[in-house]
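Participant: Sending over a structure as structure tokens; questions will come in a sec.
The values are calculated or read from the model by the stated rules, or taken from the named source; none is laboratory data. Small disclaimer: the values here were computed from a predicted structure and weren't measured. Heads up, the Cβs are rebuilt from the backbone with ideal geometry, glycines too, and the neighbour counts pull from every protein chain shown. All accessible areas refer to the heavy atoms of the entire protein, side chains included, with ligands and DNA or RNA removed. Shrake-Rupley method; radii C 1.70, N 1.55, O 1.52, S 1.80 Å.
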Amino acid sequence: MRPSSWSAVLAGAVLSLAAVTGCSAASKHAEHPAPYVAKRATDPPAGAAPDGCPTAASLPLPKDFPENLPVPDGTVVTSVEHRTGGRLVVATVVRGGFDTTLAFLHTQLPKAGYTPEEGEVEEDDAESNFFSTTVRGRWALRKMPDCKAGVYLTYLTAAVHS
């Protein structure tokens, strides 16, 4: 390589490194966060109080949510998602506490005609499949780290087609 070519390559590498380093440093010290941030499942929901408990009004249950599927009193619906295959995901927050909500699910779903199957309970979370003659589904229950007595309760349901 000629000396002038080598200098050009070296200068280009230094400028590239400076540009990459400059971008990294600028993003670490930005005054305003990026316009979008990936939310973790454990992040407090939008409209949450400083203690992480939801303060926003509940979304309505969607019309295609199974009419007789029990939902604890005071449940706040935080999101609704329609997926392929007629599946429906309804995410909620319940402030009744983990044990109380778990007991509700264990007693009220069978009373409403749902049979539980393949469930498990751990210290901070529980889940179970359930079914009836018209619906197959799964519920998942998880303690909220930032909301005293708050739990995430998610329902996944789909209509059974004969």
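Participant: Of the residues in the range 118-154, how many are open to solvent by less than 50 Å² (accessible area, probe 1.4 Å) and at pLDDT 90 or above?
Facilitator: Residues that pass the stated criteria total 18.
Participant: When the residues of the range 101-117 are filtered to those that are without any contact (Cβ under 8 Å) to a residue 12 or more places away in the chain and in contact with a strand residue (DSSP E or B) (Cβ under 9 Å, 6 or more places away or on another chain), which remaining residue is most open to solvent (accessible area, probe 1.4 Å)? Quick ask: steps written out before the conclusion?
Facilitator: The initial filter retains those residues of the range 101-117 that are without any contact (Cβ under 8 Å) to a residue 12 or more places away in the chain, namely 103, 106-107, 110.
With the extra rule that they be in contact with a strand residue (DSSP E or B) (Cβ under 9 Å, 6 or more places away or on another chain), the set shrinks to 106, 110.
Values: His106: 104, Pro110: 61 Å².
It comes out as His106.
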